[in-house]
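Structure first, then comments.
All of the numbers you see were taken from the coordinates with simple rules; none came from a lab. Treat the numbers as computed from the prediction; the structure is a model and nothing was measured. Cβ sites come from the backbone with ideal geometry, for glycine too, and all protein chains shown count toward neighbours.
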Amino acid sequence: MVDIWNANKWGRCTHVKDPVRERLDPNFLGFGRTMTDETGRYRFRTIMPGSYLARPDIDRWRPAHVHVSIRGGSARLIAQMYFQGDPHLARDPMFILLGEAQGRHFGNRVGQGAEGETLYSWDIMIGGRNTAYFES
Ligand SMILES: [Fe+2]
């Protein structure tokens, strides 16, 4: 089972405890859930998340990202997908912590959908040499 959640275009997540003081978007739910198919594929439709000011005291912004939770059996793994070229990546502690795994956490732009939407793919590897970095 795969869950995602991401900020709206103003950087606000749909969560009662989100400290970001930007406005909510009544047209954007902010999260979704699906089951992978028999080959492990999944698909979501969301919006490009906005960056948000995570630490106003030190002017630290989070780059645009999509949170992903993967559940199977009793296990739950959480990771984040980023977008190449985001100017906030270089100073983001979460992204910096990925180290050599940074490249495996970018959504790969693969084309354009029928309604003009940008399509990304992200293969989430669980285990092995190319495993994703999962938050504890
Ligand atoms: Fe976030």
If you add up the charges near ARG55, with Lys and Arg at +1 and Asp and Glu at -1, over every other residue whose beta carbon is less than 12 angstrom from its beta carbon, what do you get? 0
For the chain, what proportion of DSSP beta bridges, expressed in % and rounded to the nearest 5, is antiparallel? 95
How big is the charge dipole of segment 82-136 about its Cα centre, in debye rounded to the nearest 20, if each Lys and Arg gets +1 on its Cβ and each Asp and Glu gets -1 on its Cβ? 200
At what distance in nm do the modelled label points of GLN112 and SER136 sit from each other, each positioned 7 Å from its Cα along Cα→Cβ? 4.5
Computed log₁₀ I(q)/I(0) - Debye formula, equal Cα scatterers, no solvent, segment 26-136, q 0.11 Å⁻¹: -0.40
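To the nearest 20 Debye, how big is the dipole of the chain about its Cα centre, given +1 on the beta carbon of each Lys and Arg and -1 on that of each Asp and Glu?
So the dipole magnitude of the chain works out to roughly 180 debye.
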If amide H atoms are built 1.01 Å from N in the plane of the peptide, which residues on other chains or at least 5 residues away come under 5 Å of the amide H of HIS65? ALA7
Spelling out what I want: for every residue of segment 127-133, take phi, set θ = phi - 60°, compute 6.51 cos²θ - 1.76 cosθ + 1.60 (Karplus), and round to whole Hz; glycine and proline get x. x, x, 5, 9, 4, 6, 8
Charge tally for neighbours of ASP3 with beta carbon under 13 Å away, counting Lys, Arg as +1 and Asp, Glu as -1, is +3
Taking θ = phi - 60°, what integer Hz values does the Karplus form 6.51 cos²θ - 1.76 cosθ + 1.60 yield along segment 76-86, in sequence order, with x for Gly and Pro? 9, 10, 10, 9, 10, 9, 10, 10, 4, x, 5
So what is the 222 nm mean residue ellipticity for the chain from helices alone, if each DSSP H run of at least 4 adds -39500 (n - 2.57) and you divide by all residues, rounding to the nearest 500 deg cm²/dmol? -500 deg cm²/dmol
